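As structure tokens, the structure follows; a few thoughts come after it.
The values are calculated or read from the model by the stated rules, or taken from the named source; none is laboratory data. Predicted, not measured: the structure shown is a model, and the values here were computed from it. Positions of Cβ are backbone-derived with ideal geometry, glycine not excepted, and every protein chain shown enters the neighbour counts.
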């Protein structure tokens with residue numbers, strides 16, 4: 001989305017961003033996290049874990065909005081996120097060009 005002007009509070013606004021951590025040995029391969037991710041950040045990995053399941057793999061780490069849905073849906077607690085806030089200024093400059 002392109003804006004016609006730069007927002008006045010751009011320097012003060014921070015966008016939530018999540019760093020996903022996947023405990024592959026806990027995963028049962030239910031794929032709830034992959035199926036219900038609103039940003040489609042996760043995909044099924046090609047390799048197997050010790051239980052013989054395909055754990056999820058992060059495809060687009062920058063796309064994670066840190067909503068926590070994958071963390072809430074995982075029945076084995078095999079995925080968790082570390083939230084950080086990113087500057088909007090860098091996002092604006094990429095979008096403006």
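Sort out which residues of the stretch 27-52 are surrounded by fewer than 17 Cβ atoms within 10 Å (Cβ to Cβ), over 17 Å from the mean Cα position of the chain (by Cα) and touching a residue at least 24 places away in the same chain (Cβ under 8 Å), and write them in order of number. Passing the criteria: 28, 30, 50, 51. Considering every residue within the stretch 56-66, establish whether at least one is at pLDDT 85 or above and over 10 Å from the mean Cα position of the chain (by Cα). Yes, some residue in the stretch 56-66 is at pLDDT 85 or above and over 10 Å from the mean Cα position of the chain (by Cα).
Per-residue answers, yes or no, for (1) assigned to a loop (DSSP other than H, G, I, E, B); (2) modelled with pLDDT under 90; (3) touching a strand residue (DSSP E or B) at 6+ places or on another chain (Cβ under 9 Å):
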residue	(1), (2), (3)
34	no, no, yes
39	yes, no, no
43	no, no, yes
76	yes, no, no
84	no, yes, yes
93	no, yes, no
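For the stretch 53-66, the candidate set comprises residues that are over 12 Å from residue 79 (Cβ atoms) and in contact with a strand residue (DSSP E or B) (Cβ under 6 Å, 6 or more places away or on another chain); within that set, the residue that is surrounded by the most Cβ atoms within 10 Å (Cβ to Cβ) is 66.
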